[in-house]
Amino acid sequence: MAVPRIDIGSPAEATQPAALKAALAEFISMLIFVFAGEGSGMAFGKLTGDGPASPAGLVAAALSHGFALFVAVSVAANVSGGHVNPAVTLGAFLGGKISFFRTILYWIAQCLGAVVACLLLSFSTGGLPTSAFALSSGVTVWNALVFEIVMTFGLVYTVYATAVDPKRGDIGIIAPLAIGLIVGANILAGGAFDGASMNPAVSFGPAVVSWTWNNHWVYWLGPFIGASIAALLYHCVFIQPDNYEELP
């Protein structure tokens, strides 16, 4: 079994041009992703008069998030690795792909991108609320926690298999598409229960702008646990040490 080599790095990374460019790429991609994903929900609400949740709304959410993430990962892949998710970044860190200090830099950029996207949505829609993630009726925090762990496990496992594994070969070409598809599929599975975040920054943005923090911890702890399990499992079981390679 190959044990990941954890890289702490140096605080000086925060001033290095390459690291700053990567953080900017994460900020822009997160802004693109959240603006399209959260914006589609707001648009659907406006068109339906803020009616009750419906299967059509769930499908719309899955499609918009899947499409937007496909693009957001694609446009950042060559600069930052296209994480667009603090949980994916944590998985990359635990697998020894990026340093601790670059991880923190990415997290800050990703959260800021989500907040700015929600602020832009609130302004451009004339003050419509950016709804924070919430649990559906009958769903406990523990139900939601398990949902977020399992869904994020699937996401980060997909990231490792298609974008991180040195043996990925030509499958790496479809990595952004596969990542977008698993997010869309997971929204179809979990969206009706807890919103299917899988992404702490996506939950953080609307929570800040709407200042709604009910059960917010679930949307950090769940994805972080799921990402950690997926990253360590995939690295230790499937990635051989002699094929180890660093990502941006």
Could you tell me whether region 122-135 includes any residue that is assigned to a helix (DSSP H, G or I) and buried (at least 16 other Cβ atoms within 10 Å of the Cβ)? yes
Consider region 70-92. How many of its residues are open to solvent by less than 20 Å² (accessible area, probe 1.4 Å) and of a type in the set (S, T, Y)? 2
Top-ranked residue of region 37-69 - restricted to ones that are touching a residue at least 40 places away in the same chain (Cβ under 8 Å) and open to solvent by 40 Å² or more (accessible area, probe 1.4 Å), ranked as farthest from the chain's Cα centre (by Cα): K46
V139, sole failed condition from (1) hydrophobic (A, V, I, L, M, F, W, C); (2) open to solvent by 10 Å² or more (accessible area, probe 1.4 Å); (3) at pLDDT 95 or above; (4) not in a loop (DSSP other than H, G, I, E, B): (4)
What do you reckon, is G95 surrounded by 19 or more Cβ atoms within 10 Å (Cβ to Cβ) and closer than 18 Å to A175 by Cβ? yes
Does A196 meet the test of being touching a residue at least 24 places away in the same chain (Cβ under 8 Å), surrounded by 20 or more Cβ atoms within 10 Å (Cβ to Cβ), touching a helix residue (DSSP H, G or I) at 6+ places or on another chain (Cβ under 6 Å) and at negative phi? no
Is at least one residue of region 149-163 under 17 Å from the mean Cα position of the chain (by Cα), over 25 Å from I239 (Cα atoms) and either modelled with pLDDT under 95 or not small (G, A, S) (or both)? no
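Rundown of residues vs (1) over 17 Å from T89 (Cβ atoms); (2) assigned to a helix (DSSP H, G or I); (3) in contact with an Asp or Glu (Cβ under 8 Å, 6 or more places away or on another chain), yes/no style:
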site	(1), (2), (3)
A178	yes, yes, no
N215	yes, no, no
A227	no, yes, no
L233	yes, yes, no
V237	yes, yes, no
Just one of S228, S203, S210 is open to solvent by less than 10 Å² (accessible area, probe 1.4 Å) and within 30 Å of V139 (Cα to Cα); which is it? S203
All positions within region 196-213 that are small (G, A, S) and either over 19 Å from V156 (Cα atoms) or part of a helix (DSSP H, G or I) (or both): A201, S203, G205, A207, S210
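The values are calculated or read from the model by the stated rules, or taken from the named source; none is laboratory data. What you are looking at is a predicted structure, and each value in this text was computed from that prediction instead of being measured. Methodologically, a virtual Cβ is constructed for each residue, glycine included, from the backbone with ideal geometry; neighbour enumeration extends over all protein chains shown. Just the protein is used for accessible areas: all its heavy atoms, side chains included, with ligands, DNA and RNA removed. Shrake-Rupley method; radii C 1.70, N 1.55, O 1.52, S 1.80 Å.
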